[in-house]
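Remarks on the structure that follows.
Quick note: the coordinates plus some simple rules give every number you see, no bench work behind them. What you are looking at is a predicted structure, and each value in this text was computed from that prediction instead of being measured. Please note: Cβ atoms are built from the backbone with ideal geometry, for glycine as well, and neighbour counts cover all protein chains shown.
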2 protein chains.
Amino acid sequence: MLCVNVELQERRYPILIGSGLLQNEQNYPVKQGDRVMIVTNPTVAQFYLESVMTALQKRGAVTEYVLIPDGEKYKTLESLNLIFTALLKANHGRDTTIIALGGGVIGDVAGFAAASYQRGVRLIQIPTTLLSQVDSSVGGKTAVNHELGKNMIGAFYQPSMVLIDTLTLNTLPKREVNAGLAEVIKYGAILDNEFFVWLEKHVDDLVALKQDILQHCVARCCRIKADVVARDETEKGDRALLNLGHTFGHAIETHLGYGNWLHGEAVSTGMMVAAVLSEELGHLSLADVSRLEKLLARANLPTVSPDTMQPEDYLPHMMRDKKVLAGKLRLVLLKSLGQAYVATNTDHTLVLNAIRRCTQTD
Amino acid sequence: MLCVNVELQERRYPILIGSGLLQNEQNYPVKQGDRVMIVTNPTVAQFYLESVMTALQKRGAVTEYVLIPDGEKYKTLESLNLIFTALLKANHGRDTTIIALGGGVIGDVAGFAAASYQRGVRLIQIPTTLLSQVDSSVGGKTAVNHELGKNMIGAFYQPSMVLIDTLTLNTLPKREVNAGLAEVIKYGAILDNEFFVWLEKHVDDLVALKQDILQHCVARCCRIKADVVARDETEKGDRALLNLGHTFGHAIETHLGYGNWLHGEAVSTGMMVAAVLSEELGHLSLADVSRLEKLLARANLPTVSPDTMQPEDYLPHMMRDKKVLAGKLRLVLLKSLGQAYVATNTDHTLVLNAIRRCTQTD
């Protein structure tokens with residue numbers, strides 16, 4: 001078992017990473033008589049709810065659960081209210097613990113429920129997708145969507161603990177594993193050349209879900225993100241680097257309609273555009289661009305723009321991005337593999353050119 | 001103008017208290033181009049919305065407003081969502097400011113909206129009722145109700161500033177002014193004998209809304225509450241003393257149905273029961289009990305139990321109170337006028353006897 005500590009100004013919390021952690025009652029920080037409300041969805045529940053409840057009950061905790069429907073479109077105030085109703089019907093007090101068992105949607109909704117139920121109760125995150133394991137369970141962002149915007153309602157709220165069982169990836173659709181790998185590769189590209197090289201060596205083992213390799217990988221990603229978040233809790237500086245590929249990626253997701261390409265798939269192509277643009281600006285060698293492309297391809301990720309999207313379609317979406325300041329594009333680009341920076345006011349012709357180079361021409 | 005600073009671990013904020021503060025643009029901490037969303041209700045809006053908007057616009061701020069219906073029953077997630085919709089429709093970003101213009105309900109809902117819109121935006125409280133001026137605008141508690149419980153969903157979120165214009169009390173129904181005075185008298189009774197004596201001298205001027213006396217009074221209450229909150233942000237110790245009269249008061253409110261007696265009216269009778277019980281326990285003299293009774297009566301507040309409620313009706317409600325721990329009553333009682341304490345496990349016969357003594361017998 002690996003342990004990554006997240007150090008924040010006010011508190012620290014541990015991320016435990018291993019295989020088969022869910023079944024072992026010793027991993028749960030609860031005691032006799034503690035009340036626990038598990039928030040999950042039907043898909044995850046069929047695989048893991050019973051194991052988690054059994055382990056908690058072995059510690060003497062009194063467990064209940066509430067299911068919210070599966071999918072991003074249920075990341076709403078209504079789902080949040082389902083959790084509050086379940087807690088109130090069963091008379092849960094301020095001393096209750098909420099466990100988020102599932103992917104990013106469950107983590108976000110259950111996390112915000114924990115932040116706001118009786119003005120804040122204890123939260124344990126058990127992320128069960130690769131994306132949520134390496135990304136959304138670190139940093140304390142919780143939120144629900146509003147019909148007029150994603151993640152518009154939420155709180156910064158840190159869990160007491162994150163429990164990552166990499167065996168849960170065995171029940172995850174392969175396409176979602178691969179999408180998670182896009183974010184993994186991103187960490188190497190923006191901040192950690194050594195990790196990038198390690199990924200070039202081990203990406204096939206990751207795709208094959210080799211447990212010890214997976215654990216090392218998840219721990220490294222959590223360490224990188226935890227360091228970034230600790231340096232920049234309020235999201236003013238370094239944290240922006242985590243958005244490599246995301247401005248282009250969001251344009252793809254918006255243009256195709258959310259859900260057609262997975263987030264990680266859009267980010268994969270977005271990173272390629274950023275790399276090509278970085279090459280045009282004289283930072284990255286063509287060889288390095290090619291290394292990134294090969295790594296993404298080995299993770300079965302797209303590296304070119306969707307064929308239903310024209311290069312001209314990107315900029316209008318990009319200019320509506322939250323990261324645009326005073327009408328100027330702010331893009332995360334690469335100085336080298338392992339070193340990202342924020343470029344402001346990049347020439348639109350260069351941007352369009354990079355997008356064209358990442359468009360299927362055959 | 002008076003100023004009370006609230007000192008918290010992470011930050012401090014000022015409470016400005018005066019007459020005619022709303023009209024003076026110098027009192028608003030906004031600058032040219034700042035965006036502001038005012039949250040208010042139709043009743044308060046007709047009196048003060050235009051003044052506040054005009055003052056903000058003189059500073060160059062871009063102002064909008066959203067109305068939520070008047071009354072405790074609208075302190076809901078639905079009203080919260082009205083605020084989010086207004087913010088999103090007008091493209092408000094993380095740099096927006098929410099102003100809560102109204103009484104306790106507006107402060108609670110708008111405060112929670114500020115805590116959770118894009119994970120937190122700036123908040124200015126402008127309380128317009130005596131109760132919200134001396135109580136709910138200090139301490140950072142925000143919340144909405146759930147159909148299964150009051151104040152069950154919320155956050156601790158501190159405003160950047162509280163602006164109290166005591167002239168707004170001129171448009172408040174007299175009955176609500178008096179109900180606010182119950183909480184004012186409470187501050188004297190629990191923590192400040194000197195203030196209690198001052199109130200005995202000035203209560204008629206307060207009922208008559210004499211401005212300089214009102215300002216002194218509101219500032220003193222804010223100072224007392226700010227000190228308590230600063231000592232006990234997490235609500236484990238001293239803050240409990242603020243509940244003098246509230247356990248009995250909640251029993252009255254619940255028994256009669258919320259809204260039949262105002263909160264302050266129920267607290268007034270509740271304080272009398274607590275005082276009589278304190279006398280039975282040998283702490284308070286009969287003369288002191290009588291001083292409290294006279295002061296409450298001069299503020300036109302009830303000092304005896306509602307005639308539709310029997311002494312036996314109290315305990316069942318009281319045992320369901322959040323402050324009951326392990327089946328034992330925890331009551332705030334008085335050692336003397338100006339010194340409260342928390343009594344645990346008080347004999348139920350004594351409690352019942354005190355309630356009987358506060359029941360109308362004619």
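When only DSSP loop residues count, what chymotrypsin sites (Phe, Trp or Tyr not before Pro) in region A:247-313 have their Cβ near at most 15 other Cβ atoms within 10 Å? Display every interim value, and only then the final one.
Details: sites: A:PHE248, A:TYR258, A:TRP261; in loops: A:TYR258, A:TRP261.
The qualifying sites are A:TYR258.
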Exercise. For label points placed 7 Å from Cα toward Cβ, what is the shortest-first list of nm distances from A:LYS31 to its copies?
Worked result: 5.1
Exercise. Between copies, how far does the label point of A:LEU148 sit from its twins, in nm, shortest first, when each point is 7 Å from Cα along Cα→Cβ?
Worked result: 3.1
Exercise. Lys/Arg Cβ at +1, Asp/Glu Cβ at -1, dipole of the protein assembly as shown taken about the Cα centre: which of A:MET161, B:THR247, B:GLY338 is farthest positive-ward?
Worked result: B:GLY338
Seminar exercise, completed: Those trypsin sites (Lys or Arg not before Pro) from region B:1-84 that are DSSP loop and have at most 10 other Cβ neighbours within 10 Å turn out to be B:ARG11, B:LYS31
For this session: Could you list the square roots of 5 times each eigenvalue of the Cα gyration tensor of region B:2-169, that is, the equivalent ellipsoid semi-axes, sorted largest first and rounded to whole Å?
Result: 21, 18, 16
Exercise. For A:145-155, what's the mean count of beta carbons from other chains sitting within 10 Å of each residue's beta carbon?
Worked result: 5
Problem set entry | Among A:GLY140, A:GLY245, A:GLY259, residue whose mean-square fluctuation peaks in a GNM of chain A (springs only between Cα atoms under 10 Å) | A:GLY259
Exercise. Put a point 7 Å out from Cα along the line to Cβ at A:ARG94; what are the distances to that point in the other copies, in nm, shortest first?
Worked result: 3.0
Exercise. In Å, what is the Rg of the alpha-carbon atoms in region B:1-46, and how long is Dmax?
Worked result: 13.6, 38
Problem set entry | Difference of contour (0.36 nm per residue) and Cα-Cα distance, A:VAL304 to A:LEU209 | 31.7 nm
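So if each residue of separation counts as 0.36 nm, and I subtract the Cα-Cα distance between B:MET1 and B:ASP232, what length gain in nm does that give? Write out the running numbers ahead of the final one.
Working: separation 231, 0.36 × 231 = 83.16 nm, distance 2.77 nm.
Taking 0.36 nm per residue and subtracting the Cα distance, the gain is 80.4 nm.
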Seminar exercise, completed: Under the 7 Å Cα-to-Cβ spin-label approximation, B:ASN193 and B:SER336 lie apart by a distance in nanometres of 0.3
Exercise. For chain A, modelled as a Gaussian network with Cα springs under 10 Å, which listed residue fluctuates most, A:THR40, A:THR344, A:THR269?
Worked result: A:THR344
Problem set entry | Debye equation applied to the C-alpha atoms of region B:174-358, log10 I(q)/I(0) at 0.13, 0.16 Å⁻¹ | -0.62, -0.96
For this session: Figure the gain on full extension for A:ASN91 and A:LEU352 (residue separation times 0.36 nm, minus the Cα-Cα span) and round it to one decimal in nm.
Result: 88.3 nm
For this session: Compute log10 of I(q)/I(0) for chain B with the Debye formula, placing one identical point scatterer on every Cα and leaving out solvent, at q = 0.12, 0.15 Å⁻¹, to two decimals.
Result: -0.87, -1.30
Exercise. For labels at B:GLU200 and B:SER51 in the simple 7 Å Cα→Cβ model, what's the distance in nm?
Worked result: 3.5
Problem set entry | FRET efficiency, 1/(1 + (r/R0)^6) with R0 22 Å, evaluated for B:ARG11 and A:GLU10 via beta carbons | 0.95
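What is the antiparallel percent of DSSP beta bridges lying wholly in region B:2-169, to the nearest 5? Show your work: numbers first, answer last.
Numbers: 11 of 33 bridges.
Given both bridge residues lie in region B:2-169, the antiparallel proportion sits at roughly 35 percent.
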For this session: With unit charges on the beta carbon (Lys/Arg positive, Asp/Glu negative), name the residue among B:THR303, A:LEU329, A:MET152 whose Cα is farthest towards the positive pole of the charge dipole of the protein assembly as shown.
Result: A:LEU329
For this session: Compute the separation of the alpha-carbon centres of region B:62-105 and region A:77-152 and state it in Å as a whole number.
Result: 23
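When the dipole is taken about the Cα centre of chain A, and only Lys, Arg (+1) and Asp, Glu (-1) are charged at their Cβ, what size is it in debye, to the nearest 20?
The dipole magnitude comes to about 820 debye.
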Problem set entry | Candidate lysines - alpha carbon under 27 Å from B:LYS174, same-chain residues fewer than 8 apart omitted | B:LYS73, B:LYS75, B:LYS141, B:LYS150, B:LYS186, B:LYS201, B:LYS210, B:LYS225, B:LYS294
For this session: Return the single residue from A:GLN125, A:GLN23, A:GLN215 with maximal mean-square fluctuation; model: Gaussian network over chain A, springs between Cα atoms under 10 Å.
Result: A:GLN23
Exercise. Based on the Cβ-Cβ distance of B:GLU25 and B:ARG175, what FRET efficiency does E = 1/(1 + (r/R0)^6) give at R0 = 45 Å, to the nearest 0.05?
Worked result: 0.85
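Rounded to the nearest 500 deg cm²/dmol, what is the calculated helix-only ellipticity per residue at 222 nm for the protein assembly as shown, with -39500 (n - 2.57) per DSSP H run of length n ≥ 4?
On the way: 22 runs with 302 residues, N = 724.
Only helices count here, giving -13500 deg cm²/dmol.
Given a Förster radius of 30 Å and the C-beta distance between A:LEU315 and A:LEU286 as r, what FRET efficiency does 1/(1 + (r/R0)^6) yield to the nearest 0.05? All intermediate terms of the calculation are to be shown ahead of the outcome.
On the way: r = 25 Å, r/R0 = 0.82.
Efficiency, from the Cβ-Cβ distance: 0.75.
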Seminar exercise, completed: Scan of chain B for GluC sites (Glu not before Pro) in DSSP loops with at most 14 other beta-carbon atoms within 10 Å gives a longest site-free stretch of B:148-362
Problem set entry | Sites matching trypsin sites (Lys or Arg not before Pro) across region A:224-293 that sit in DSSP coil, with at most 13 neighbouring C-beta atoms within 10 Å | A:LYS236
